[in-house]
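The values are calculated or read from the model by the stated rules, or taken from the named source; none is laboratory data. Only a predicted model underlies this, so the values are computations on that prediction, with no experimental measurement involved. Please note: Cβ atoms are built from the backbone with ideal geometry, for glycine as well, and neighbour counts cover all protein chains shown. Areas reflect the complete protein model, heavy atoms only, side chains present, ligands, DNA and RNA absent. Shrake-Rupley method; radii C 1.70, N 1.55, O 1.52, S 1.80 Å.
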Amino acid sequence: MAAAKKAVLGPLVGAVDQGTSSTRFLVFNSKTAELLSHHQVEIKQEFPREGWVEQDPKEILQSVYECIEKTCEKLGQLNIDISNIKAIGVSNQRETTVVWDKLTGEPLYNAVVWLDLRTQSTVENLSKRIPGNNNFVKSKTGLPLSTYFSAVKLRWLLDNVKKVQEAVEENRALFGTIDSWLIWSLTGGIHGGVHCTDVTNASRTMLFNIHSLEWDKELCEFFGIPMEILPNVRSSSEIYGLMKISHSLKAGALEGVPISGCLGDQSAALVGQMCFQDGQAKNTYGTGCFLLCNTGHKCVFSEHGLLTTVAYKLGRDKPVYYALEGSVAIAGAVIRWLRDNLGIIKSSEEIEKLAKEVGTSYGCYFVPAFSGLYAPYWEPSARGIICGLTQFTNKCHIAFAALEAVCFQTREILDAMNRDCGIPLSHLQVDGGMTSNKILMQLQADILYIPVVKPSMPETTALGAAMAAGAAEGVGVWSLEPEDLSAVTMERFEPQINAEESEIRYSTWKKAVMKSIGWVTTQSPESGDPSIFCSLPLGFFIVSSMVMLIGARYISGIP
């Protein structure tokens, strides 16, 4: 019997989307931007001590291989020929720090995740060395000195991990964010792997000068980072190397396919949402929440707690674009916390059902400052609190308050961005996994009091990486000319409450935020001092009382 005929499609482009919670591989048609198939694998997070967040770099790499393999199998079942995949882009969780041995290919320590707080005392010590009248770190990088960025994580590894110290001394160590680790591994690893990063990821390390677009000698000296361990910095759209799959993949047809796009996840979403004009903005709802506004060729420095960052540089000879960014540490992570830590829900999707049951938080407010507060406060002393609890409060109200928290945090960032840019946004473009939650989207429109606009295909992060890869010189299968970009169908959520109610809820939220600040008053968890546990609000006080309350209601048969 003759083999089934393969479906004929235009050139295809693959995208690795490696996020904090999961890894995905997605394949798009480069002519229509249609998503043809994908596969997703959840990634474990480890919490070895309070405030520490780690991941296994080998598990992350393995998850990429698995996603590529499964997606290729699915394409085969659809009679789509995977030899049509002409390029692969990489999008990644930013700031997460990996150091590995270039001779063995082995990570020298777990990846230290962007959310990790162990470097608080490192930050405090470094802050004392920055002159008050010349914050050269912020003026060169656009970033405040914070536990969030890679340089302080790398400094901690150099100070505390003997394997890392020895590898640096013996010239065996390579540093990178997740994109660098993946590209090096996928292009051959110890057999000629390419050690590089792109300008968007480099701009999140705190070692990169966003004006000259180079690693900065003064910054490296300030943080005590040897420059020889840093990756080469490239544009976001060019051929870095070719896939070399030493792994036992059935997807052998991807051998030799160029990896030609690389963008930090938030920049990738900005490209995928086609925010190519000065003043266009998008908000991505993932583990955290990230609002980026394209500021064109100029660096705009925020007066209201936002970051200045590189948006993208789509080609070696193309101009660089900058963005203002508001970063929220905990968005989707609060849903995962309700599922994994409290057991209030069994699956992330269930939160929408719980919230719908009550339609209100009944005066309950949740500030999920598990890793301190990011923009616009940059307040590491904050910790998560749930307040306004009464005997009437049940798990549905807490679920609703968790969704509201994501929306209130976005409102704070949008207010800061409007003040910095001077032109308020007329609507907000949104993307990311949480946008499938219709209650969240409606709440967001109500709390912002502007329409929220969501593309029908929410995988804009992966789409942005695919666009950069397909448009690269030497690939040329994806046109980024405005007239060639596919029109995207949108779903629109209009505000449904009055402005006064929106303001009252927002001002009560601000009151709750103030109560969360200044909670941690002892040394950072870096020291491992057990006394820190005495100052944690989600320790004995709030969560235990909340769990007892919920437990009592279950036992008494009250829903």
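Only Cα sites of the chain enter the Debye sum here, all with the same form factor; the resulting log10 I(q)/I(0) across q = 0.07, 0.11 1/Å is -0.39, -0.99, listed in q order. The amide H of Ile85, built 1.01 Å from its N in the peptide plane, has Leu12 as neighbours under 5 Å, considering only residues 5 or more places off or on other chains.
With the crude spin-label approximation of a point 7 Å out along Cα→Cβ, what separation in nm comes out for Glu473 versus Leu213? Result for the modelled spin labels: 1.1 nm.
Residues in the range 281-287 carry Karplus couplings, in order, of 9, 9, 10, 10, 9, x, 4 Hz; the curve used is 6.51 cos²θ - 1.76 cosθ + 1.60 with θ = phi - 60°, and Gly or Pro positions show x.
Between Ile413, Leu443, Leu354, the Cα set farthest toward the positive side of the dipole of the chain (charges on each charged residue's Cβ, about the Cα centre) is that of Leu354.
Each Lys and Arg Cβ is given +1 and each Asp and Glu Cβ -1; about its Cα centre, the chain then shows a dipole of about 540 debye. Run the helix sum for the chain: -39,500 (n - 2.57) per DSSP H stretch of 4+ residues, divided by residue count, reported at 222 nm to the nearest 500 deg cm²/dmol. Calculated mean residue ellipticity at 222 nm is -9500 deg cm²/dmol.
If you take the beta carbon distance between Ser381 and Leu485 as r and set R0 to 45 Å, what does 1/(1 + (r/R0)^6) give as a FRET efficiency, to the nearest 0.05?
It comes to 0.50.
In the structure displayed, which of Lys353/Lys395; Lys138/Lys162; Lys282/Lys454 lie more than 19 Å apart, Cα to Cα? As for pairs spanning more than 19 Å Cα to Cα, those are Lys138/Lys162. Counting only protein heavy atoms and a probe of 1.4 Å, the accessible surface of the range 280-516 is 52% carbon and sulfur. For Gly296, the residues whose amide H sits under 5 Å from its own are Gly279, Tyr322, ignoring neighbours fewer than 5 places away on the same chain, with H placed 1.01 Å from N. Computed 3J(HN,Hα) for the range 289-298, one whole-Hz value per residue from the Karplus formula 6.51 cos²θ - 1.76 cosθ + 1.60 where θ = phi - 60°, is 10, 9, 9, 10, 10, 5, 10, x, 7, 10, glycine and proline marked x. Given R0 = 41 Å, the distance between the Cβ atoms of Asn134 and Ile504 translates into a calculated FRET efficiency of 0.45.
Amide H contacts under 5 Å for Thr96: Trp114, Ile178, restricted to partners 5 or more places along the chain or on a different chain, H placed in the peptide plane at 1.01 Å from N. In the chain the longest region clear of GluC sites (Glu not before Pro) that are loop-assigned by DSSP and have at most 10 other C-beta atoms within 10 Å covers 304-559.
Protection proxy ranking for 436-448, 413-425, using the average of other Cβ atoms within 10 Å per residue and placing the highest first: 436-448, 413-425.
When DSSP beta bridges are restricted to pairs lying wholly in the chain, around 70% turn out antiparallel.
In order along the range 70-81, the phi-based Karplus estimate (6.51 cos²θ - 1.76 cosθ + 1.60, θ = phi - 60°) of 3J(HN,Hα) comes to 5, 5, 5, 4, 5, 4, x, 5, 8, 6, 9, 7 Hz; Gly and Pro are listed as x. With distances taken between every two different alpha-carbon atoms, the range 280-516 has a Kirkwood hydrodynamic radius of 18.8 Å.
In this structure, Phe47 and Asp81 have a Cβ-Cβ separation that, at R0 = 41 Å, corresponds to a calculated FRET efficiency of about 0.40. The order of Phe47, Phe392, Phe136 by accessible area, most exposed first and with a 1.4 Å probe, is Phe47, Phe392, Phe136. Can you classify the range 287-399 as rounded, prolate or oblate using the Cα gyration tensor, where a ≥ b ≥ c are the square roots of its eigenvalues, rounded means a/c under 1.5, and otherwise it's prolate if a/b beats b/c and oblate if not? Prolate.
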